[in-house]
Amino acid sequence: MLFFWELWAPILVSSCTVFVLAMLLRLVLHQSEWRQLPQHAEVTQALRRVPPAPGLYMLPHTIGQDLGRADLYAALEQGPVAYVTIARNGVPSASGRLLTSFLYHCGVSTVVAYATWHGFSTLNSGIRHMPLGIPFAHVVRVVFAIAGLAYAAAAFQDSVWFGRPWKSFLLTMVDAAVYALSTAVIFAWLWPI
């Protein structure tokens with residue numbers, strides 16, 4: 001836990017900064033990603049008639065099925081092919097989502113701090129010591145790589161396996177680059193001297 005005491009300031013400042021950036025980017029870049037289904041009211045009513053429990057669903061359901069079967073092949077060809085998330089009914093709690101988002105950013109910054117501290121520190125007589133005077137650009141490169149991977153990695157799988165549009169993936173990569181760069185600059189700025 002020594003890394004946490006030495007790097008608490010960049011952890012906290014980068015978490016707060018990325019939290020604000022995430023809200024801004026959500027408003028600027030991602031609003032156009034979400035569209036309304038044609039015949040939205042009819043689809044909503046159909047789901048209300050036999051309400052599914054919260055969870056992940058796919059149309060047609062092919063998990064564990066032989067995709068060579070003629071009926072499944074026809075259903076996939078005819079479409080629609082969809083991956084749907086059903087959430088709990090009710091107005092979502094903005095405060096709960098904001099808190100969860102902030103804790104996620106704190107987690108990423110803590111993992112970044114852990115990895116960079118262990119990468120830069122030296123072991124002397126069984127005790128880790130943080131070397132002082134690491135060049136700003138070196139801290140930026142290392143932190144950018146780790147934070148970028150942390151913020152971007154999962155989005156690729158969503159596009160490959162669950163049909164998330166590649167444009168959405170690219171927008172998420174922009175988010176990840178902005179988050180990683182801000183995290184990297186803050187870590188380098190507040191790195192112990």
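The values are calculated or read from the model by the stated rules, or taken from the named source; none is laboratory data. Since the structure is predicted, the reported quantities are computational estimates derived from the model, not experimental observations. Cβ: placed from backbone, ideal geometry, glycine included. Neighbour counts: every protein chain shown. For the accessible areas, the whole protein counts, side chains as well, though only heavy atoms, and no ligand, DNA or RNA atoms are used. Shrake-Rupley method; radii C 1.70, N 1.55, O 1.52, S 1.80 Å.
In segment 129-147, the residues that are more than 14 Å from residue 189 (Cβ to Cβ) reach residues that are open to solvent by 30 Å² or more (accessible area, probe 1.4 Å) and assigned to a helix (DSSP H, G or I) with C-beta atoms within less than 6 angstrom, at least six apart or across chains, in these pairs: 130/6; 146/115. Taking (1) part of a helix (DSSP H, G or I); (2) touching a Pro at 6+ places or on another chain (Cβ under 6 Å) in turn, residue 88 satisfies each apart from (1).
Any residue at all in segment 138-158 that's surrounded by fewer than 19 Cβ atoms within 10 Å (Cβ to Cβ), assigned to a loop (DSSP other than H, G, I, E, B) and not hydrophobic (A, V, I, L, M, F, W, C)? No, segment 138-158 contains no residue that is surrounded by fewer than 19 Cβ atoms within 10 Å (Cβ to Cβ), assigned to a loop (DSSP other than H, G, I, E, B) and not hydrophobic (A, V, I, L, M, F, W, C). Beta carbons closer than 9 Å, at least 6 apart along the sequence or on distinct chains, pair a first residue in segment 43-58 that is open to solvent by 50 Å² or more (accessible area, probe 1.4 Å) with a second that is among the hydroxyl-bearing types (Ser, Thr, Tyr) and not in a helix (DSSP H, G or I) for 54/85; 56/83; 56/85; 57/83; 57/85.
Can you tell me how many residues within segment 92-112 are in a loop (DSSP other than H, G, I, E, B) and open to solvent by 70 Å² or more (accessible area, probe 1.4 Å)? Of the residues in that region, 1 qualify. Of all the numbered requirements in (1) more than 16 Å from the chain's Cα centre (by Cα); (2) modelled with pLDDT under 90; (3) closer than 24 Å to residue 178 by Cβ, residue 157 misses one, and that requirement is (1). Applying the condition of being in a helix (DSSP H, G or I) and of a type in the set (Val, Ile, Thr) to segment 170-193 and asking which residue is surrounded by the fewest Cβ atoms within 10 Å (Cβ to Cβ) yields 174. Give me a count of the residues in segment 24-42 that are without any contact (Cβ under 8 Å) to a residue 12 or more places away in the chain and either outside any loop (DSSP other than H, G, I, E, B) or not hydrophobic (A, V, I, L, M, F, W, C) (or both). Here the count works out to 13.
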